[in-house]
Amino acid sequence: MLYVTTRNSRDAYTAQRALREDRGPDGGLYLPFREPVFSPSRLRELFHMNANAVIAEILNLLFNAKLSQWDIDFCIGRHPVRLAELSPKIIMAESWHNPQGRFSWMASRLSELIRQQEGEVLSDWAEVGARIAVLFGVFGELVRNGLAALDKPVDICVVSGSFSAPMSAWYARKWGLPIENIIICCNENNTPWELLHHGQFRTDTVAVPTSTPDGDVSLPAGLERLVYGAGGIQETEKYLESCRHGGVYSPSDLVLSRMRKGMYVGVVGTRRAARIIYSIYSSNGYILSPYGALCWGGMLDYRAQTGQRRYAVILAETSPACYAGTVAEALGIPEKELNRYL
């Protein structure tokens, strides 16, 4: 697969270059020159495979690799993603079952496998590509467990952060995955909410430190891809001009409507996230990470506003153990006792 950037759709670059660099020579983010489209028949074939076999197929497509299921097994383990149905139609897709308890470990290992090199920094598109591949694997698991189907789409809940998670879901839906709505969940740093709800995005906002630092991003780098996807290069230039001068970016009504299509942004503060962690453990014994609590709160807000009750999948990318202090405080127990609950 060849790649262009968000700032130049004429010059094409190799997959290996997109694996090594965050941005192209023009400063733009990499994205596929021709985006794949998965037909229903091709998706059915994929969903009959093991999750790791699906991950291999998607990575092979995106990065011209020649990986097998066994390569993925040896790289990230046989069961890197696990599903937990917490309540009717709410599913946690846990991608943190690895030595570091984080999805980022899995993404780095997959990137090293594709490049056949160790120790290099994970590029922006390598992270997005890994997220897309894992998301296809998650859907395979959902379909095999009867929780989703090509004619039964689900909602996906992700943390805003750098905007790589929302855009991974955005691409996967565009390419054919049965995703209905992408629920983007912010902490107090809620600039994506301002953009999609009010049509204005301040590019000079300073991030506020919270207990969910991955979400402490005031100017998400990956948002440039959404602007490009909704309005093309001309709209991207308009956005970048606002960024250069620390101004307010205001998309046109048409571009804003495209951004909003199938997107919802929720904001969940630190105190509310702590209450959610306590509430979920009290009701069913499951311990959320602070990021899982963000997504849970955003999902509840979306349901309250829209009345929707379709299956919702929360992409849980961090183990609660990684934020033991925050989780223990929310549960009202000493941190040293948390392992008894995990």
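Table for the structure above
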item: Tally of residues being more than 21 Å from the chain's Cα centre (by Cα), under 30 Å from Glu127 (Cα atoms) and not aliphatic (A, V, I, L, M) across the range 299-334; result: 2
item: Positions within the range 80-118 being of a type in the set (Phe, Trp, Tyr) and out of contact with any Ser or Thr (no Cβ under 9 Å at 6 or more places or on another chain), in sequence order; result: Trp105
item: Test set (1) outside any strand (DSSP E or B); (2) crowded, with 21+ Cβ neighbours inside 10 Å - His197 fails condition number; result: (2)
item: Qualifying position, being more than 18 Å from the chain's Cα centre (by Cα), within 30 Å of Ala324 (Cα to Cα) and among the small types (Gly, Ala, Ser), among Ser87, Ser111; result: Ser87
item: Members of the range 307-341 that are free of Cβ contacts under 8 Å to residues at least 12 places away in the same chain and either assigned to a helix (DSSP H, G or I) or in contact with a Lys or Arg (Cβ under 9 Å, 6 or more places away or on another chain) (or both); result: Gly325, Ala328, Ile333, Glu335, Lys336, Glu337, Arg340
item: Total residues in the range 163-189, condition under 17 Å from Leu300 (Cβ atoms) and in a loop (DSSP other than H, G, I, E, B); result: 1
item: Within the range 91-111, tally of residues that are in contact with a Phe, Trp or Tyr (Cβ under 8 Å, 6 or more places away or on another chain), surrounded by 15 or more Cβ atoms within 10 Å (Cβ to Cβ) and not in a helix (DSSP H, G or I); result: 6
item: Residue that is surrounded by the fewest Cβ atoms within 10 Å (Cβ to Cβ), among those in the range 200-222 that are part of a helix (DSSP H, G or I) and touching a helix residue (DSSP H, G or I) at 6+ places or on another chain (Cβ under 9 Å); result: Asp214
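A quick yes/no check of all residues on (1) assigned to a helix (DSSP H, G or I); (2) touching a helix residue (DSSP H, G or I) at 6+ places or on another chain (Cβ under 9 Å):
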| site | (1), (2) |
| --- | --- |
| Tyr239 | yes, yes |
| Leu256 | yes, yes |
| Val265 | no, yes |
| Arg271 | yes, no |
| Ile276 | yes, yes |
| Tyr286 | no, yes |
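Throughout, read-outs are computed from the coordinates displayed, never taken from laboratory work. Please read these numbers as outputs of a predicted model, since none were measured by experiment. Note: ideal-geometry Cβ built from the backbone for every residue, glycine included; neighbour counts use all protein chains shown.
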